[in-house]
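The values are calculated or read from the model by the stated rules, or taken from the named source; none is laboratory data. Note that the structure is a prediction, hence the values are computed from the model and not measured. Every residue, glycine as well, gets a Cβ built from its backbone with ideal geometry; the counts of neighbours run over all protein chains shown. Quick note on the areas: whole protein, heavy atoms, side chains included, nothing else; ligands and nucleic acids left out. Shrake-Rupley method; radii C 1.70, N 1.55, O 1.52, S 1.80 Å.
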Amino acid sequence: METEIGSNYTYLGRTFSNLSSTNDDSTAFSDCNSDRSGEFPTTSSQSRRLLLSCNYDDLIQQLVSALESTSIDDQKQAAMELRLLAKNKPENRVKIARAGAIRPLISLISSSDPQLQEYGVTAILNLSLCDENKEQLASSGAIKPLVRALKIGTSTAKENAACALLRLSQFDENKSAIGRSGAIPLLVNLLESGSIRGKKDASTALYSLCSVKENKVRAVEAGIMKALVELMADFRSNMVDKSAFVMSILASTAEARASLVDEGGIPVLVEIIEVGSQRQKEIAVVILLQICDESVVYRTMVAREGAIPPLVALSQSGTSRGKQKAEKLIELLRRPRSGNSVDLSD
């Protein structure tokens, strides 16, 4: 499922006002909702048991007990059914956690059986959708096994692990712990080589995690700017918006700005201002403002790339925010030898 960005869009504590445009149905980030891996195969009798059970409390307790069975098949079946019970019912997510499912499910994530690991990751993802469960998941040691699944799991396990880590990162105290556990380079790998679903999930998780400075540094060191520039340059990737938003949060650091320039990001950003959607143009201007604010060299590079004509056009026909940002960038570019900066705030 995708979430539309409205005229005043707040995502994980950061507000982006007036970044949408008429008839622009692209989206900034994926929701990472439950049931993302599709239905697990079940027999008709097993499906009926879940659908017709009147006493979920007893059933949940039986399934939690089965998670610790010595039979891998029993563990798989229990994880599958718990995942299905948590699919669309928030109350079941709470009941499953309170029944003691979290620690045995975390153990399954470390299984050498790829399918069992995938089932465990998906169940954990569904439980993590409930705010009440997030703290318990983190305190019970879910982060490191999820990072391991992100490294060696099936494609579905990797995507769902990225989403579960995103959910856990919504508590600020978990962001640094996730970064220290080695998640950032693995998420960058998923951004580079995953499926389109994987790229979206990785970008969403990275956006959240990189609100912490130490994770920004980790992401740059892992080569994220090259991946972001490549995705932004490909208008068919459906990743221009997502990549630009991640880049915007990284560009507050000098390391990211230097890497962006080294990877050829300036021509890509100027092209976006020329031919992108209204929202894409505006976020590209925001990034260029960060690049140019304190660097005469970068201002000169942007001006030589031909940025001023499309910026003038945006300043005349964009949204009020787009016009304001375009005018600020034009002011910077028209005095490239000046070391004075302008106010980048709204």
(message) Against the condition assigned to a helix (DSSP H, G or I), among the hydroxyl-bearing types (Ser, Thr, Tyr) and either within 15 Å of the chain's Cα centre (by Cα) or closer than 25 Å to Leu127 by Cβ (or both), how does Ser176 come out, does it pass?
(response) yes
(request) Evaluate the following for Met225: is it free of Cβ contacts under 8 Å to residues at least 60 places away in the same chain and either more than 13 Å from the chain's Cα centre (by Cα) or not in a helix (DSSP H, G or I) (or both)? (result) yes
(request) Quick one: count up the residues across the range 78-92 that are open to solvent by 30 Å² or more (accessible area, probe 1.4 Å) and either modelled with pLDDT of 95 or more or of a type in the set (Lys, Arg) (or both). (result) 2
(request) Name the residue, out of Thr156, Thr204, that is open to solvent by 20 Å² or more (accessible area, probe 1.4 Å) and assigned to a helix (DSSP H, G or I). (result) Thr156
(message) Take the residues in the range 159-174 that are touching a helix residue (DSSP H, G or I) at 6+ places or on another chain (Cβ under 9 Å) and surrounded by fewer than 21 Cβ atoms within 10 Å (Cβ to Cβ); name whichever of them is farthest from Ser195 (Cα to Cα).
(response) Glu173
(request) Note down all Cβ pairs under 7 Å where the first residue falls in the range 85-113 and is in contact (Cβ under 8 Å) with a residue 24 or more places away in the chain, the second is open to solvent by 80 Å² or more (accessible area, probe 1.4 Å) and not in a helix (DSSP H, G or I), and they're at least six residues apart or on different chains. (result) Pro104/Glu68
(message) With the requirement that a residue be in a helix (DSSP H, G or I), open to solvent by 20 Å² or more (accessible area, probe 1.4 Å) and out of contact with any Leu (no Cβ under 7 Å at 6 or more places or on another chain), what does the range 93-107 give you?
(response) Val94, Lys95, Arg98, Arg103, Ser107
(message) Take the residues in the range 267-284 that are aliphatic (A, V, I, L, M) and open to solvent by 10 Å² or more (accessible area, probe 1.4 Å); name whichever of them is farthest from the chain's Cα centre (by Cα).
(response) Val275
(request) Quickly run through the range 232-258 and pick out the residues that are closer than 16 Å to Glu294 by Cβ and either part of a loop (DSSP other than H, G, I, E, B) or open to solvent by 10 Å² or more (accessible area, probe 1.4 Å) (or both). (result) Ala251, Ser252, Thr253, Ala254, Glu255, Arg257, Ala258
